[in-house]
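Asker: Encoded as structure tokens, here's the structure I'll be asking about.
The values are calculated or read from the model by the stated rules, or taken from the named source; none is laboratory data. Since this is a predicted model, take the numbers as computed values, not measurements. Note: ideal-geometry Cβ built from the backbone for every residue, glycine included; neighbour counts use all protein chains shown. The accessibility values were calculated without ligands, DNA or RNA, using every heavy atom of the protein model including side chains. Shrake-Rupley method; radii C 1.70, N 1.55, O 1.52, S 1.80 Å.
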Amino acid sequence: MQAVVFEQYGEPAEVRDVPDPHPAAHGVTVRVEATGLCRSDWHGWQGHDPDITLPHVPGHELAGVVEEVGARVTNWHPGDRVTVPFVCACGTCGACASGNQQVCERQTQPGFTHWGSFAQYVALDHADVNLVAMPDGMSFPAAASLGCRFATAFRAVAPRGSGSRCTGAAGSACRR
């Protein structure tokens, strides 16, 4: 497949052929139909994120079509149109069990903890927890814009609008 790869922080990236990803038993491979570019990608490229291993393929805002499904995935099939949140959860830790997947203790982030969506295909873990089905009428670019931009804004505003009291970084621990 072709992907945008950078070898060194802050150095020019290039499009090149790299091996196709394959899903873990609990994951999927998605054919990327749209991907976004945001300031988080710039921070990763500059080396501000310790989770990034070089060489690296950035990109965390994506939408596409499921191509390959791991053996333990039950809710998704090849051909499904999907997007994902910026923070992908494990589904089993304490934060996930309490409904706070956005602060998962074992979170992964395409384009940061593993190769991302500036590529033809991307592997995503814990598909049954993280994938979001796209409505038939929604465009891939619109769906790709929801994972980071919308989810970040929603998590920042919703607890305040609902009368919750939030503590912690960016209101990560909220309660009524």
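Asker: Which condition number in (1) surrounded by fewer than 22 Cβ atoms within 10 Å (Cβ to Cβ); (2) within 13 Å of H60 (Cα to Cα); (3) in contact with a strand residue (DSSP E or B) (Cβ under 7 Å, 6 or more places away or on another chain) is the one that M134 fails?
Answerer: Exception for M134: condition (2).
Asker: Still on this structure: Just need a number here: residues in segment 60-99 that are aliphatic (A, V, I, L, M) and free of Cβ contacts under 8 Å to residues at least 12 places away in the same chain.
Answerer: Matching residues across segment 60-99 total 2.
Asker: Is there any pair with a first residue in segment 11-26 that is closer than 22 Å to P78 by Cβ and a second that is among the aromatic types (F, W, Y) whose Cβ atoms are under 6 Å apart and which are 6 or more apart or on different chains, and what are they?
Answerer: Listed pairs, sorted by first residue: D20/Y121; P21/Y121.
Asker: Provide a single number: the residues in segment 77-134 that are basic (K, R) and within 14 Å of the chain's Cα centre (by Cα).
Answerer: Total meeting the criteria: 1.
Asker: If I filter segment 66-83 down to residues being surrounded by 17 or more Cβ atoms within 10 Å (Cβ to Cβ) and either basic (K, R) or out of contact with any Pro (no Cβ under 7 Å at 6 or more places or on another chain) (or both), which single residue comes out as nearest to W42 (Cα to Cα)?
Answerer: Step by step, filter segment 66-83, then rank; the result is T83.
Asker: Please tell me if V132 is among the β-branched types (V, I, T), under 12 Å from V84 (Cβ atoms) and modelled with pLDDT under 95. Talk me through it step by step, then tell me what you get.
Answerer: Details: among the β-branched types (V, I, T): yes; under 12 Å from V84 (Cβ atoms): yes; modelled with pLDDT under 95: yes.
Answer is yes for this residue.
Asker: Looking at segment 71-80, is at least one residue under 22 Å from A142 (Cα atoms), out of contact with any Ser or Thr (no Cβ under 8 Å at 6 or more places or on another chain) and of a type in the set (V, I, T)?
Answerer: The answer is no; no qualifying residue exists.
Asker: Let me ask something additional. For segment 115-127, enumerate the residues that are within 21 Å of V73 (Cα to Cα) and either out of contact with any Ser or Thr (no Cβ under 6 Å at 6 or more places or on another chain) or open to solvent by less than 40 Å² (accessible area, probe 1.4 Å) (or both).
Answerer: Selection gives W115, G116, S117, V122, A123, L124, H126, A127.
Asker: Wholly within segment 1-53, which strands (runs of 3 or more DSSP E) include no fewer than the required count, namely at least 2 residues that are farther than 24 Å from L131 by Cα and open to solvent by less than 50 Å² (accessible area, probe 1.4 Å)? Can you show your working first?
Answerer: Numbers: elements: 2-5, 14-17, 28-35.
Per the criteria, no element qualifies.
Residue by residue, here is whether (1) in contact with a helix residue (DSSP H, G or I) (Cβ under 7 Å, 6 or more places away or on another chain); (2) not charged (D, E, K, R) holds:
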| site | (1), (2) |
| --- | --- |
| G44 | no, yes |
| D49 | yes, no |
| T53 | no, yes |
| A71 | no, yes |
| V84 | yes, yes |
| N100 | no, yes |
| V103 | yes, yes |
| T113 | no, yes |
| G137 | no, yes |
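Asker: In segment 50-76, how many residues are more than 15 Å from V122 (Cβ to Cβ), more than 15 Å from the chain's Cα centre (by Cα) and not hydrophobic (A, V, I, L, M, F, W, C)?
Answerer: Qualifying residue count for the region: 6.
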